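Below is one structure, written out as structure tokens; the observations come after it.
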Amino acid sequence: MTLLTIFLMAFITFGTRYLFTHPSLPIRLGPKVAKFLSYSAPAVLTAIWVPIIFVQQGQLNLSITNPYFIAASFAVITAAKSKSIYLTMLAGLITFILSRYILAM
Amino acid sequence: MTVTKRKAVWLMVKKGFLDMLPLNLAVLPWGILCGSLAIQRDFSVLEALLMPLVVFAGSAQLVAIELMANNASLATILFTTFVISSRHFLYGLALRDKLKVLPTKWRYSLGFLLTDELFALSGNSKAFVGKLRLIYALVAGGSFYLFWLLWNVTGIVAGSYLPDLTQLGLDFAIAVTFIALVVPTVTNLPMVITVAVAALLSVLFKLLHFELDLVVAAIIAMYCGYLTDRWQCRRQLSNQSLIASKELSKMKNNGDES
């Protein structure tokens with residue numbers, strides 16, 4: 001049963017990724033739709049990361065002692081200044097670990 | 001000639017691997033979590049292995065493991081998987097014109113590898129155009145697949161020795177990666193609007209326990225970005241025509257004088 005479930009899940013995850021790249025689908029994207037879709041990466045990725053920072057256990061956490069918020073702020077500044085993915089991750093993770101450790105004391 | 005060609009391929013392989021490397025490392029905690037959680041929720045080793053091998057989806061794997069452990073119905077599990085995966089429809093659509101012209105084996109393999117991470121590296125207007133860029137995408141996406149498998153296996157092996165990892169704040173690694181990917185691309189007003197709307201709505205929908213939170217927030221945000229761009233274009237056009245008509249009347253006046 002679990003095996004069947006896993007293979008059906010695989011069918012769904014592959015299907016959602018592959019479907020619209022299939023050539024014989026009767027879909028033609030005009031320049032307007034293409035422009036609209038050009039915003040998909042920032043929109044989806046932001047809609048994934050922002051709730052991780054501000055929503056914990058279903059509760060809104062806007063406190064400035066929220067370690068996620070402190071570390072994310074550092075990461076955003078580092079990303080804007082350096083545009084380096086490694087530097088941003090390093091700055092974010094170090095601030096996150098430090099602020100969690102300090103705030104837990 | 002062959003030497004330079006081989007060199008170019010090798011450079012692309014290296015670039016694809018190095019560009020994806022930070023993302024591969026960022027999902028380490030998630031992969032370990034997925035693997036160990038499967039074992040802790042009484043999945044067999046084969047079942048736990050098949051998750052990253054064929055399902056190959058972080059949040060869908062995690063949620064499905066919990067659902068299966070709680071004996072949720074098959075329909076619930078599949079519907080939830082569908083909802084979580086539905087954002088990939090946007091990726092397929094956005095890349096449609098580039099991928100639909102490719103030979104079947106490229107389409108299937110890149111389609112299978114089309115994760116958030118690979119999509120995030122596909123923003124270049126020339127992505128997937130030409131053999132070298134396809135190799136780049138294949139190496140980037142393929143290395144992500146292998147690393148995801150590796151971290152899952154680590155979790156499966158260490159599974160029963162690890163404490164419950166769900167409370168350790170491991171999700172921050174994902175957040176910081178996406179910050180690193182998104183923030184440098186926010187260079188104009190439409191992008192600012194897109195990101196701001198996505199941020200606000202995703203938090204709001206999450207708090208309201210709205211099932212399609214991510215996708216609906218993203219689509220509305222994309223539309224706001226699109227509208228901002230149109231508004232900017234129109235304003236630019238009307239400014240230009242204003243200047244043009246001023247020039248024209250000036251020329252006319254000059255003509256009258258002479």
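Here are the numbers for the structure shown:
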| quantity | calculated |
| --- | --- |
| Accessible-area value, B:Lys98, 1.4 Å probe, nucleic acids and ligands omitted, Å² | 50 Å² |
| Nearest-20 debye value, region B:7-114 charge dipole, Cβ charges on Lys, Arg, Asp, Glu | 700 debye |
| Mean shadow area of region B:77-180, taken as a quarter of the surface of its Cα convex hull (nm²) | 8.5 nm² |
| Packing rank of A:62-70, B:67-75, A:43-51, A:7-15, where each peptide gets the mean count of other beta carbons within 10 Å, highest leading | A:43-51, A:7-15, A:62-70, B:67-75 |
| Nearest-0.05 FRET efficiency for B:Leu21 and B:Val157, computed from C-beta distance (R0 22 Å) | 0.45 |
| Theoretical FRET efficiency, 1/(1+(r/R0)^6), r = Cβ-Cβ of B:Lys246 and A:Leu29, R0 35 Å, to 0.05 | 0.35 |
| Computed over region B:186-258, Kirkwood Rh from alpha-carbon pairs, angstrom | 15.0 Å |
| Mean ellipticity per residue at 222 nm, deg cm²/dmol - from DSSP H runs of n ≥ 4 across the protein assembly as shown, formula -39500 (n - 2.57) | -24500 deg cm²/dmol |
| With DNA, RNA and ligands ignored, accessible area of B:His209 (1.4 Å probe; Å², nearest 10) | 140 Å² |
| Shielding by other protein chains, B:186-196, mean Cβ within 10 Å | 3 |
| Exposure rank, largest accessible area first [B:Trp231, B:Trp106; 1.4 Å] | B:Trp231, B:Trp106 |
| For residues of B:215-222, the mean tally of beta carbons on other chains within 10 Å | 6 |
| Neighbouring partner chain Cβ atoms per residue of B:206-212, average, 10 Å criterion | 2 |
| Pairs from B:Lys98/B:Lys131; A:Lys81/B:Lys7; A:Lys83/B:Lys131 whose Cα-Cα separation, in the structure shown, is over 23 Å | A:Lys81/B:Lys7; A:Lys83/B:Lys131 |
| Values of log10 I(q)/I(0), in the order q = 0.11, 0.14, 0.20 Å⁻¹, for region B:112-258 under a Debye, Cα-only, solvent-free model | -0.70, -0.97, -1.31 |
| For region B:1-134, radius of gyration divided by Kirkwood radius, i.e. Rg to Rh on alpha-carbons | 1.05 |
| Highest-first arrangement of B:146-155, B:29-38, B:189-198, where packing means the average Cβ count within 10 Å | B:29-38, B:189-198, B:146-155 |
| Geometric extent, Cα atoms of the protein assembly as shown - Rg, Dmax (angstrom) | 23.1, 94 |
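The values are calculated or read from the model by the stated rules, or taken from the named source; none is laboratory data. Worth saying up front: this structure is predicted, and the values here are computed from it rather than measured. Using ideal geometry, Cβ is built from the backbone for each residue, glycine included, and neighbour counts are taken over all protein chains shown. Note: areas computed on protein heavy atoms with side chains; ligands, DNA, RNA excluded. Shrake-Rupley method; radii C 1.70, N 1.55, O 1.52, S 1.80 Å.
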